[in-house]
Amino acid sequence: MIYAENIFVALAIPLVIAAVLLKGSARRFTGFYAAGLAACLLASYINGFLASASGMTELEVTIRLTPICEELLKAFPVFFFAAVFEPKRSDLFSAAVAVGLGFATLESVCQIVAYGAAEFYFVLLRGFSAGAMHTISSAMLGYGLALLSRRRLILLPGSFGLLCAASVLHSLYNLFVTAWGAWRIVGYALPLATTAALYLLFGRRLEIRN
């Protein structure tokens with residue numbers, strides 16, 4: 001049995017101590033990293049409830065419901081930060097990346113605890129696939145919100161569109177990695193391919209200027 005709550009506490013305590021010692025952007029990044037850990041823990045509860053209450057198969061839940069649930073939970077602290085504190089655009093992007101990293105960390109640790117770390121290829125594949133997927137989907141959200149922050153008229157529909165895009169990317173990843181053969185390879189490669197495509201498309205414009 002995986003005691004995700006215990007793993008969360010073990011990871012969160014050093015972050016709380018670090019947040020007391022740090023200041024400014026470093027403290028903020030640490031706080032949002034911890035928020036990502038909390039979002040992952042909460043997602044594990046909600047996903048379990050959805051699986052039992054929806055009547056869907058485990059595969060259907062993984063493809064249809066889990067991506068929406070997890071992307072919403074990752075987005076919530078970022079939206080809250082944007083709405084309440086009106087941060088700089090670069091800070092908004094950093095917050096979104098930190099949440100994605102925290103979410104990916106707890107999920108990866110729980111997977112390693114469940115399946116072991118004896119096979120190095122499994123750990124490596126986990127980091128470059130699911131770990132990268134959570135990070136890049138949150139980064140997409142943060143970058144999009146940073147761009148929309150100066151376009152108030154389209155902020156709400158734009159935010160909804162960003163959530164949809166992140167959820168679709170997540171759903172496609174889950175769909176492909178649960179398939180067999182070449183489609184699974186496509187799924188594993190999707191996060192890094194998306195990262196490369198965004199960098200090639202936007203290049204230096206990925207650097208957020210306040």
message: Condition first: modelled with pLDDT of 90 or more and not β-branched (V, I, T). Now tell me which residues in the stretch 70-91 satisfy that.
response: E70, E71, L72, L73, K74, A75, F76, P77, F79, F80, F81
message: List the residue pairs whose Cβ atoms are under 7 Å apart, where the first residue sits in the stretch 104-128 and is farther than 16 Å from A10 by Cβ and in contact (Cβ under 8 Å) with a residue 24 or more places away in the chain, the second is among the β-branched types (V, I, T) and in a helix (DSSP H, G or I), and the two are 6 or more positions apart or on different chains.
response: A104/T135
- request: Consider only pairs whose beta carbons are under 6 Å apart and that are at least six residues apart or on different chains; among these, list those whose first residue lies in the stretch 142-166 and is in a helix (DSSP H, G or I) and whose second residue is of a type in the set (S, T, Y) and at pLDDT 85 or above.
  value: A166/S137
statement: Exactly one of A26, A39, A35, A12 is in contact with a Phe, Trp or Tyr (Cβ under 7 Å, 6 or more places away or on another chain) and modelled with pLDDT of 90 or more, and that one is A39
- request: Would you tally the residues in the stretch 40-64 being free of Cβ contacts under 8 Å to residues at least 40 places away in the same chain and crowded, with 18+ Cβ neighbours inside 10 Å?
  value: 1
message: Among the residues that make up the stretch 111-119, is at least one of them modelled with pLDDT under 90, in contact with a helix residue (DSSP H, G or I) (Cβ under 8 Å, 6 or more places away or on another chain) and among the charged types (D, E, K, R)?
response: no
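The values are calculated or read from the model by the stated rules, or taken from the named source; none is laboratory data. Since this is a predicted model, take the numbers as computed values, not measurements. Note that each Cβ is placed from the backbone with ideal geometry, even for glycine, and that neighbours are counted across all protein chains shown.
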